[in-house]
Amino acid sequence: MSTPEQSFGFGQPATAEEIAGWDIDIAADGAGLPPGSGTVAQGKELYDRLGAKCHGAKGEGGEGGPPLVGGIGSLNTDAPLKTVGSYWPHAPVLYDYIHRAMPADKPQSLTPDEVYALCAYLLYLNGIVPEDAVMDATSLPQVVMPNHAGFTSPDPRPDVFNTVAGAAAPVATPTS
Ligand code: HEM
């Protein structure tokens, strides 16, 4: 592995601005959420204009994108419907996803106010926040998602590493 001092004669160190452009993750507890805010009404206007063509008029899904609304309580039934409302455990992650990936035809084109507004509207359509909700860096992490308890941490499954029945210790993965 090369050290910072080593150079292969091409490329240049990334600038702080370039690194900041990649440093856009939002943690499940809301760490990293930027200043800004948005209402349900503002989100509706944006969604109707930018999202409905792919996700359907009310987030029910469409040819271009999956359903975003509905299915709450359906996960342990014969017809589980995984949506933002029924499946996502942490509301701040909705900000992270919409900001980095949506609209799929213009990712990362939305301002923080617009992303908060879209979060507010999608949470409202799922019946998770009221119509007068305002989402920002304080209120979004306080939203309790219906499936917030659906994910266990740490992973309860036993840690297996290439164990072979009867073998005394894990068998190392053969390198080529
Ligand atoms: C305001 C605009 C939009 C919003 C708020 C939005 C929101 C979302 C969200 C929250 C998801 C994740 C769904 C999930 O995994 O449960 C998603 C996925 C997706 N969206 Fe959008 N979307 C928008 C616009 C669009 C547009 C315009 C398109 C089509 C050009 C699109 C296509 C998709 C596709 C294909 C996925 C699935 C991606 C995958 O599974 O990797 N979206 N969108």
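Can you tell me the dipole magnitude for the chain around its Cα centre, using point charges on the Cβ only (Lys, Arg +1; Asp, Glu -1), in Debye to the nearest 20? Don't jump to the answer; show the numbers that get you there.
Values: 8 positive and 20 negative charges, 96 e Å.
Its charge dipole is roughly 460 debye.
Carbon and sulfur together cover what percent of the accessible area of the stretch 25-142 at a 1.4 Å probe radius?
56 percent
Based on the alpha-carbon gyration tensor of the chain and its eigenvalue square roots a ≥ b ≥ c, which shape applies: rounded if a/c is under 1.5, prolate if not and a/b is larger than b/c, or oblate?
Numbers: a/c = 2.17, a/b = 1.28, b/c = 1.69.
Oblate, since a/c reaches 1.5 and b/c is not below a/b.
Check each of the trypsin sites (Lys or Arg not before Pro) in the stretch 18-97 and keep only those in coil by DSSP with at most 16 other C-beta atoms within 10 angstrom; list them in order. All intermediate terms of the calculation are to be shown ahead of the outcome.
On the way: sites: Lys44, Arg49, Lys53, Lys58, Lys82; in loops: Lys58, Lys82.
Filter output for the stretch 18-97: Lys58, Lys82.
If I stretch the segment between Asp132 and Phe151 completely, what's the gain in nm (0.36 nm per residue apart, minus their alpha carbon distance), one decimal?
So the extension gain works out to 3.9 nm.
Between Gln12 and Asp105, what is 0.36 nm times their sequence separation minus the Cα-Cα distance? Round to one decimal in nm. Numbers along the way, then the final one.
Values: separation 93, 0.36 × 93 = 33.48 nm, distance 3.04 nm.
Contour length minus Cα-Cα distance gives 30.4 nm.
How large is the Kirkwood hydrodynamic radius of the stretch 4-55, counting all unique pairs of alpha carbons, in Å?
15.3 Å
Please compute the per residue accessible area over the chain with all protein chains in place, 1.4 Å probe, rounded to a whole number of Å².
Details: 11440 Å² over 176 residues.
I get 65 Å² per residue for the chain.
The values are calculated or read from the model by the stated rules, or taken from the named source; none is laboratory data. Owing to the predicted nature of the structure, the values given are computational and were not obtained by experimental measurement. Glycine gets a Cβ as well: all are built from the backbone with ideal geometry, and neighbour counts include every protein chain shown. Each accessible area value is taken on the protein alone, full model and side chains, heavy atoms only, with ligands, DNA and RNA left out. Shrake-Rupley method; radii C 1.70, N 1.55, O 1.52, S 1.80 Å.
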